[in-house]
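The values are calculated or read from the model by the stated rules, or taken from the named source; none is laboratory data. None of the values given here were measured: they were computed from a predicted structure. Here Cβ is always computed from backbone atoms with ideal geometry, including for glycine, and neighbour counts include all displayed protein chains.
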Amino acid sequence: MLHIASRPVYILHELVDLLCRERIVLPGDTILQNMVHRALAFERKRLAGALEGSMATELARAYLLTVTLATMPASI
């Protein structure tokens with residue numbers, strides 16, 4: 001089941017559940033904290049990149065529309 005959560009405690013719980021299911025020995029607190037921090041930072045950068053790409057596309061469309069309308073002859 002897929003869960004979407006951005007709070008560190010939820011990510012920590014999912015990580016611990018995964019490690020237990022896979023029968024992997026839990027690392028120390030600091031290592032778990034670093035793993036959650038890196039996962040959150042990666043996701044923030046990924047989402048920021050997706051938004052920047054989307055915004056750039058929308059700005060380009062708006063600019064092209066503005067230029068097209070500005071170069072059209074005015075009808076009388």
Pick from the range 5-15, criterion surrounded by 13 or more Cβ atoms within 10 Å (Cβ to Cβ) and of a type outside the set (Phe, Trp, Tyr), ranking: modelled with the lowest pLDDT: PRO8
- line: Result of the Cβ filter at 9 Å on the range 39-54, keeping first residues that are closer than 18 Å to LEU15 by Cα and without any contact (Cβ under 8 Å) to a residue 40 or more places away in the chain and partners that are hydrophobic (A, V, I, L, M, F, W, C) and assigned to a helix (DSSP H, G or I), at least 6 apart or interchain, is ALA39/ILE11; ALA39/LEU15; LEU40/ILE11
message: Tell me whether the range 28-36 contains one or more residues that are in a helix (DSSP H, G or I) and either at pLDDT below 90 or basic (Lys, Arg) (or both).
response: no
task: Please name all residue pairs, on different chains or six or more residues apart, with Cβ atoms under 9 Å, provided the first residue is in the range 23-38 and is closer than 14 Å to PRO8 by Cα and the second residue is part of a loop (DSSP other than H, G, I, E, B).
output: LEU32/LEU26; MET35/PRO27
